[in-house]
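The values are calculated or read from the model by the stated rules, or taken from the named source; none is laboratory data. All values derive from a computational prediction rather than experimental measurement. Using ideal geometry, Cβ is built from the backbone for each residue, glycine included, and neighbour counts are taken over all protein chains shown.
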Amino acid sequence: MRSTHRGSRTRGHVSITAVLVALFATFALALSPLATADASTRTSATAAAKKRAVAAKKRAVAKKAQRRRAAARRRLAAKKKLAAAKKARPQPPGGTGAPASAGASAGPRFGINAGGLVSFSDESALAVLQSMKAGGLTEVRRDMGWGQIEPAQGTFVWTETDRWMSLLARAGLRWFPTLDYSAPWASVAKTWNSRPAEPSTFATFAREVVARYGPGGRFWAEHPELPAVPVTHYEIWNEPNFELYWQEQASAPEDYADLFVAARDAIKAGDAGAKVVTAGLLERGGEEFIRRMYRHRSDLDDKVDAFGFHPYNPSAEDMLATVADIRRVLERVDPGVPMELTEAGFDTLRNPEAQRAIELQELVRGVRDAKLNVSALHVFSASTIEHDPLKWDQWLGLWNDDGTPKPSAVAYLAAVAAR
């Protein structure tokens with residue numbers, strides 16, 4: 001009997017448990033569609049919100065792009081209107097309407113890179129410079145190295161730049177300075193070819209250059225015996241798309257754009273009429289460098305007076321084709337901006353002297369083509385060292401070490417003079 005009673009209780013307990021399990025299962029089954037529906041509703045709401053956010057972002061981007069295109073059209077229209085007004089302006093007899101001191105003439109400005117000429121004696125260098133002036137050149141490009149001029153913050157050493165400015169002034173030529181390379185104390189990696197840690201420190205240097213060598217500058221006040229030929233055009237840096245001159249290449253287009261704007265604004269504050277040119281870029285990677293600069297700085301197309309470029313091709317035909325490629329890129333980001341070929345030349349390792357003379361004449365004729373919109377050509381270079389037969393960049397000089405011109409120098413000057 002005891003055993004039968006225990007079995008009865010067990011069966012009753014099992015029966016109750018089974019009922020409870022069944023009820024729970026039924027309840028869960030009933031709730032399942034509701035839970036599924038709720039989760040589905042939440043997922044749908046999240047997806048809809050994401051779609052609305054993406055659509056809103058696309059609308060914002062499209063509006064911004066539309067505003068930029070409209071602004072670019074307005075600027076281009078203003079440039080065309082200004083150009084038409086200048087063309088229609090009455091000219092004085094025998095003149096172009098530009099001040100004689102500006103060295104302006106119809107078409108591009110023609111000059112040369114100093115190169116090894118800076119190591120000539122003053123007497124020899126002056127003789128070469130005077131022959132350049134007589135041949136029709138108007139300016140000479142040479143670095144104004146930040147580290148040499150400002151070796152410590154706030155300490156400026158003008159000895160070498162004063163010497164060179166005196167020679168140019170005596171020859172009647174204008175200095176087209178390249179403000180470049182870091183003062184190690186102010187660079188990211190404490191080296192000459194690392195970018196400035198702060199654009200403002202470089203801008204301070206640029207402001208001091210204007211104050212000394214620009215119109216009404218201290219140098220001219222200190223040297224009344226010299227004809228005043230102040231700096232009017234400035235180039236900011238040299239080949240920043242080349243690691244040798246700008247170590248931090250990953251962010252170079254954006255960092256350089258910021259540096260350019262800071263220096264440009266400082267120069268304009270000292271001389272509102274100055275023209276500020278971007279660093280000459282090498283062809284390799286140049287197109288993408290340009291696009292990234294303008295994407296980073298929406299105000300850049302209002303800041304650049306001319307865009308620098310360094311085409312190094314074995315023939316004038318190839319060089320001009322490269323210039324045309326860069327012109328097409330610039331027309332998409334900064335319509336109408338002039339180009340300045342701040343370095344362009346042919347070495348005698350690939351072009352014998354007679355052929356180089358022909359290529360230089362073809363190049364001069366080509367840059368006068370209005371479609372390219374080239375505002376200056378500075379051939380590289382007056383003199384190079386000519387030591388290593390395996391290094392083409394040592395064989396670009398147009399004058400001999402004794403100051404006599406090579407046939408290519410004579411050809412270049414003749415092409416410039418042939419209007």
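Any residue that is basic (Lys, Arg), in the same structural domain as PHE242 (by TED's automatic domain parsing) and within 21 Å of LYS275 (Cβ to Cβ) - is there at least one of those in the stretch 363-376? Write out each step before concluding.
Of the stretch 363-376, the ones basic (Lys, Arg) are 365, 368, 371.
Next, from what is left, pick out any that are in the same structural domain as PHE242 (by TED's automatic domain parsing): 365, 368, 371.
This time we only want the ones that are within 21 Å of LYS275 (Cβ to Cβ), so: 368.
The answer is yes, given that some residue of the stretch 363-376 is basic (Lys, Arg), in the same structural domain as PHE242 (by TED's automatic domain parsing) and within 21 Å of LYS275 (Cβ to Cβ).
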The stretch 325-359 - residue that is in a loop (DSSP other than H, G, I, E, B) and of a type in the set (Val, Ile, Thr) and, of those, farthest from PHE289 (Cα to Cα)
THR348
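Considering each of GLY336, GLY285, GLY308, GLY273 in turn, give the residue that is in contact (Cβ under 8 Å) with a residue 40 or more places away in the chain and more than 30 Å from THR201 (Cα to Cα). Let's see the steps before the verdict.
Details: GLY285 fails: more than 30 Å from THR201 (Cα to Cα); GLY308 fails: more than 30 Å from THR201 (Cα to Cα); GLY273 fails: more than 30 Å from THR201 (Cα to Cα).
Criteria check complete, one pass: GLY336.
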Looking at the stretch 393-409, is at least one residue at pLDDT 95 or above and at positive phi?
yes
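Okay, residues lined up against (1) closer than 18 Å to ALA114 by Cα; (2) in contact (Cβ under 8 Å) with a residue 24 or more places away in the chain:
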| site | (1), (2) |
| --- | --- |
| MET144 | yes, yes |
| VAL157 | no, no |
| GLU160 | yes, no |
| ALA183 | no, yes |
| VAL188 | no, yes |
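So is THR342 at pLDDT 95 or above and touching a His at 6+ places or on another chain (Cβ under 9 Å) or not? Don't jump to the end; show me each part of the working.
Values: at pLDDT 95 or above: yes; touching a His at 6+ places or on another chain (Cβ under 9 Å): yes.
Answer is yes for this residue.
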Has the stretch 83-93 got any residue that is among the polar types (S, T, N, Q) and either part of a loop (DSSP other than H, G, I, E, B) or at pLDDT below 95 (or both)?
yes
When only residues in the stretch 281-306 that are out of contact with any Ser or Thr (no Cβ under 8 Å at 6 or more places or on another chain) and acidic (Asp, Glu) count, which is surrounded by the most Cβ atoms within 10 Å (Cβ to Cβ)?
ASP301
Mind checking which residues of the stretch 321-370 are among the β-branched types (Val, Ile, Thr), touching a Gly at 6+ places or on another chain (Cβ under 7 Å) and under 23 Å from ALA409 (Cα atoms)?
THR342
Given the conditions (1) modelled with pLDDT under 95; (2) on the phi > 0 side of the Ramachandran plot, which single one is not true for GLY336?
(1)
In the stretch 116-138, the residues that are surrounded by 22 or more Cβ atoms within 10 Å (Cβ to Cβ), within 29 Å of the chain's Cα centre (by Cα) and either over 20 Å from SER408 (Cβ atoms) or in contact (Cβ under 8 Å) with a residue 60 or more places away in the chain (or both):
LEU117, MET132, LEU137
Hits in the stretch 240-270 - residues which are surrounded by fewer than 21 Cβ atoms within 10 Å (Cβ to Cβ) and among the charged types (D, E, K, R)
GLU243, GLU248, GLU254, ASP255, ASP258, ASP265, LYS268
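Working only within the stretch 150-198, note down all residues that are touching a Leu at 6+ places or on another chain (Cβ under 9 Å), closer than 18 Å to ALA279 by Cβ and crowded, with 20+ Cβ neighbours inside 10 Å. Give the derivation first.
Taking the stretch 150-198 and keeping what is touching a Leu at 6+ places or on another chain (Cβ under 9 Å), we get 165-175, 193, 195-196.
In the following step, the residues that additionally are closer than 18 Å to ALA279 by Cβ were identified as 175, 193, 195-196.
Scanning the stretch 150-198 gives TRP175, ARG195, PRO196.
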Could you tell me which residue of the stretch 324-354 is surrounded by the most Cβ atoms within 10 Å (Cβ to Cβ), considering only residues that are closer than 14 Å to PHE309 by Cβ and of a type in the set (Lys, Arg)?
ARG327
Residues satisfying the stated conditions in the stretch 378-414, i.e. part of a helix (DSSP H, G or I) and under 28 Å from the mean Cα position of the chain (by Cα)
TRP392, ASP393, GLN394, TYR412
